[in-house]
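Structure first, commentary second.
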Amino acid sequence: MKVLWVKITMKPEFRDRFIEASLGDGIGSTRDEPGCYRFDVLQDDNDPNVIYFYEVYKDDAAFEEHKTQPHYFKWRDTVQDWHAVPSQVTFTTSIFPADDAWKRQG
């Protein structure tokens, strides 16, 4: 599995609209992409302007497919000027659960 942790710090004045756009991307990913197993949108407990995405894809190809989807383009184009600092993306590989134990979210 291809697993991403994305930390996004948004400008406070765009917080509600940023979250709304991110939910659209997460819902579209889990609903429309067979290779997307999970897309969580999480808020930092200490700073409400920090959002984390936890994304799980079947493989690199599924992640690349994600970046071609209309919901991704809509999210990217909507929020592009709302970041307070550049996003931090960490790519990881799932150890547990094992690849064959993952089930699609939703």
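The values are calculated or read from the model by the stated rules, or taken from the named source; none is laboratory data. Remember, it's a predicted structure, so these values are computed and weren't measured experimentally. Virtual Cβ from ideal backbone geometry, glycine too; neighbours counted across all protein chains shown.
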If you check Phe53 against the conditions, is it without any contact (Cβ under 8 Å) to a residue 60 or more places away in the chain, buried (at least 17 other Cβ atoms within 10 Å of the Cβ) and either within 18 Å of Arg104 (Cα to Cα) or β-branched (Val, Ile, Thr) (or both)?
yes
Per the list (1) touching a Gly at 6+ places or on another chain (Cβ under 7 Å); (2) without any contact (Cβ under 8 Å) to a residue 40 or more places away in the chain, residue check on Thr30 breaks on (2)
Every pair of residues 6+ apart whose Cβ atoms lie under 9 Å, when the first sits in segment 84-101 and is on the phi < 0 side of the Ramachandran plot while the second is modelled with pLDDT under 90
Ser94/Trp102
Among (1) buried (at least 18 other Cβ atoms within 10 Å of the Cβ); (2) among the acidic types (Asp, Glu); (3) modelled with pLDDT under 95 - the single one Glu33 does not satisfy
(3)
Any chance Val85 is among the β-branched types (Val, Ile, Thr), in contact with a Ser or Thr (Cβ under 6 Å, 6 or more places away or on another chain) and surrounded by 13 or more Cβ atoms within 10 Å (Cβ to Cβ):
no
Mind checking which residues of segment 1-21 are touching a residue at least 24 places away in the same chain (Cβ under 8 Å) and under 21 Å from His66 (Cα atoms)?
Met1, Lys2, Val3, Leu4, Trp5, Val6, Lys7, Ile8, Phe18, Ile19, Ala21
The conditions are (1) free of Cβ contacts under 8 Å to residues at least 12 places away in the same chain; (2) surrounded by 14 or more Cβ atoms within 10 Å (Cβ to Cβ); (3) of a type in the set (Val, Ile, Thr), and Thr68 fails exactly one of them. Which is it?
(2)
